[in-house]
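Here's the structure we're looking at; comments come further down.
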Amino acid sequence: MIAVVVVTWQVLSARSDSAADRELSHEAAKFRGYAASSAARTPEELLERWLQLNLPNDSETFFSIVDGRPYRRGQGAPPARLDTDEAFVRSIAGATEPTYGWKGSAAGKVRYGVLPVQLGERPVRAQLVIVEFRDVIAQPSRDAAKALVVVAAGTLALAAAACWLVTGRLLAPIRQLRSTAERISESDLRRRIEVVGSDDVAQLGRTFNTMLDRLEAAFVAQREFADNAGHELRTPITVIRGHLELMSDDPADQERTKALVLDELSRMNRIVDDLLVLAKSDRPDFLAVAEVNLTELVVEVVAKARPMAERQWRVDETADAVVTADGQRLTQALMQLVANAVRHTEPGDRIAVGSRVLDGQVTLWVSDAGRGVPAADVDRIFDRFARGADQARAEGAGLGLSIVRSIALAHGGSVQVVPQNGPGARFEITLPEVRE
Ligand SMILES: Nc1ncnc2c1ncn2[C@@H]1O[C@H](COP(=O)(O)OP(=O)(O)O)[C@@H](O)[C@H]1O
Ligand SMILES: [Mg+2]
């Protein structure tokens, strides 16, 4: 805006300079024409007649000088008198050639021309002075420039006000987002941002709310986990304390109590170990990835499991492949599945372990011919501390399958119960896109 005003101002004032110049030449030409065709015998007569005939407009004035002194003045009231400026009159009075120049006056800058009057061969003793008031000519341009300044300032002010309003309205939801985010603390994750409309800001609010949903779910799960773990660990402590308090001096009773306490302690130990595995499962160093031979893996699991119980142990089928995975964690997962299979079968029942690679996807499984998983439990049993409805406390804390799931997830895979034709259960771990 400032540049526009400055440039416009310069263009307009340059124009007024040349307009003053033009006017001056025009009047001078008119005078020359008049003088050439005049029959006047003296300069006084010529000047008088011309000044009478020729009316100056608002932005000019004419006067004459005879013998070095101001003589007749043109008609009208000029914005400023220059014939009364003695120094000026003296400086131009002797002119024998047409002279032009710029000069300051009471009415601003003027362009003047001095035209000597010569009749015949006689020496010059009179001059006509034509004065153009440049600043008066420039007045309309000045008014226009002033109007431009006012309009520019007004436009700027309006634009600034509009910007302020619009950004205020735009930023209001973001401000609300910020203050909500500030108010939300770990303990109160229930707050949500009010979302109106469907613009980007609303979208941001929605994304933020979704993030809060996830955070809240994570915190709730964490709290539940801690509750369950505490509960699970408190039970053996209560049992141990009860038995120790009631223990008599009878050596046989003491022996029984000792066995029971050791049993409960080892159970606590197992729970703590399992909890540590689960706690570690989110961390990047959970897996130590190396080359794993699937046949060796399966055969080793069966060899380890065989002494656990008297069952019909089988290797179903195994892929002759080497994959990149964490062999120890996979063994740990399969051993959890095998331990479950043992618990849910009777002596002499069949338990089979196997592996297969199909389309770059590895499947590891443990199947048994036991009671099977009730349909109602299929989705639930992989959760932490989730036990089948018919499970007694002593049998486990319900962490086994969640460890299996953590190991599968850490490999980018999954675990599920696969429906079978016959009786029993079949658990499959699938690891996708494993390089052979
Ligand atoms: N092979 C299986 N046959 C039948 N039910 C099973 C089998 N494996 C697991 N389940 C069910 O899944 C539940 C969860 O198993 P798990 O997470 O290992 O916990 P836990 O073994 O401590 O009970 C078990 O309580 C049981 O009800
Ligand atoms: Mg188990």
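The values are calculated or read from the model by the stated rules, or taken from the named source; none is laboratory data. Remember, it's a predicted structure, so these values are computed and weren't measured experimentally. Here Cβ is always computed from backbone atoms with ideal geometry, including for glycine, and neighbour counts include all displayed protein chains.
Note on the stretch 376-427: among residues that are part of a loop (DSSP other than H, G, I, E, B) and of a type in the set (Val, Ile, Thr), the one that is nearest to ligand 1 (Cβ to nearest atom) is Ile381.
Please verify whether Leu364 is more than 16 Å from ligand 2 (Cβ to nearest atom), modelled with pLDDT of 95 or more and hydrophobic (A, V, I, L, M, F, W, C), treating the condition exactly as stated. Break it down stepwise before answering.
Details: more than 16 Å from ligand 2 (Cβ to nearest atom): yes; modelled with pLDDT of 95 or more: yes; hydrophobic (A, V, I, L, M, F, W, C): yes.
Yes.
Table: residues versus (1) surrounded by fewer than 18 Cβ atoms within 10 Å (Cβ to Cβ); (2) within 23 Å of Ser13 (Cβ to Cβ); (3) not assigned by TED's automatic domain parsing to the domain that holds Arg49.
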site	(1), (2), (3)
Gly76	yes, no, no
Arg81	yes, no, no
Ala87	yes, no, no
Gly94	yes, no, no
Pro123	yes, no, no
Val129	no, no, no
Ile137	no, yes, no
Leu158	yes, no, yes
Thr167	yes, no, yes
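Residues in the stretch 111-132: is at least one in contact with a helix residue (DSSP H, G or I) (Cβ under 8 Å, 6 or more places away or on another chain), in a strand (DSSP E or B), among the basic types (Lys, Arg) and closer than 30 Å to Ala40 by Cβ? Yes: the stretch 111-132 contains one or more residues that are in contact with a helix residue (DSSP H, G or I) (Cβ under 8 Å, 6 or more places away or on another chain), in a strand (DSSP E or B), among the basic types (Lys, Arg) and closer than 30 Å to Ala40 by Cβ. Residue count for the stretch 348-375 satisfying the condition of being within 12 Å of ligand 1 (Cβ to nearest atom) and outside any strand (DSSP E or B): 8.
Set side by side, the residues Thr331, Thr345 differ, and just one is over 44 Å from the mean Cα position of the chain (by Cα), outside any loop (DSSP other than H, G, I, E, B) and within 16 Å of ligand 2 (Cβ to nearest atom), which is Thr331.
Close Cβ contacts (under 6 Å, 6 or more residues apart or on different chains) running from residues in the stretch 340-359 that are at pLDDT below 95 and of a type in the set (Val, Ile, Thr) to residues that are near ligand 1 (Cβ under 8 Å from one of its atoms) and in a strand (DSSP E or B) comprise Thr345/Asp368. Just one of the numbered conditions (1) of a type in the set (S, T, N, Q); (2) within 19 Å of the chain's Cα centre (by Cα); (3) at pLDDT below 85 is not true of Ser187: (2).
Considering Thr345, Thr430, which residue is away from ligand 1 (no atom under 11 Å from the Cβ) and among the hydroxyl-bearing types (Ser, Thr, Tyr)? Outline the logic, then answer.
On the way: Thr345 fails: away from ligand 1 (no atom under 11 Å from the Cβ).
The conditions single out Thr430.
Between Leu189, Leu171, Leu212, the distinction of being outside the structural domain of Phe385 (by TED's automatic domain parsing) and farther than 30 Å from Phe385 by Cβ belongs to Leu171 only.
Annotation: Asp326 fulfils all but one of (1) away from ligand 1 (no atom under 11 Å from the Cβ); (2) more than 25 Å from Pro284 (Cβ to Cβ); (3) of a type in the set (D, E, K, R); the unmet one is (2). The one condition from (1) closer than 30 Å to Asp282 by Cβ; (2) at pLDDT below 85 that Leu171 does not meet is (1).
Condition check ((1) in a helix (DSSP H, G or I); (2) within 30 Å of Arg122 (Cα to Cα); (3) touching a helix residue (DSSP H, G or I) at 6+ places or on another chain (Cβ under 9 Å)) across all residues:
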| residue | (1), (2), (3) |
| --- | --- |
| Ala3 | yes, no, no |
| Val7 | yes, no, no |
| Ala14 | yes, no, no |
| Arg22 | yes, no, no |
| Ala29 | yes, yes, no |
| Tyr34 | yes, yes, yes |
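Table: residues versus (1) aliphatic (A, V, I, L, M); (2) assigned to a helix (DSSP H, G or I).
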residue: Gly230; (1), (2): no, yes
residue: Arg234; (1), (2): no, yes
residue: Ile237; (1), (2): yes, yes
residue: Leu244; (1), (2): yes, yes
residue: Asp249; (1), (2): no, no
residue: Asp253; (1), (2): no, yes
residue: Met268; (1), (2): yes, yes
residue: Ala279; (1), (2): yes, yes
residue: Asp282; (1), (2): no, no
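Tell me whether the stretch 184-201 contains one or more residues that are surrounded by 13 or more Cβ atoms within 10 Å (Cβ to Cβ) and in a helix (DSSP H, G or I). Can you show your working first?
Of the stretch 184-201, the ones surrounded by 13 or more Cβ atoms within 10 Å (Cβ to Cβ) are 184, 189, 191-193, 195, 201.
Adding the requirement that they be in a helix (DSSP H, G or I) leaves 201.
Yes, the stretch 184-201 contains a residue that is surrounded by 13 or more Cβ atoms within 10 Å (Cβ to Cβ) and in a helix (DSSP H, G or I).
Filter the stretch 35-53 down to the residues that are crowded, with 17+ Cβ neighbours inside 10 Å and not charged (D, E, K, R) and list them by number. Ala35, Pro43, Leu46, Leu47, Trp50, Leu51 - these are the residues of the stretch 35-53 that are crowded, with 17+ Cβ neighbours inside 10 Å and not charged (D, E, K, R).
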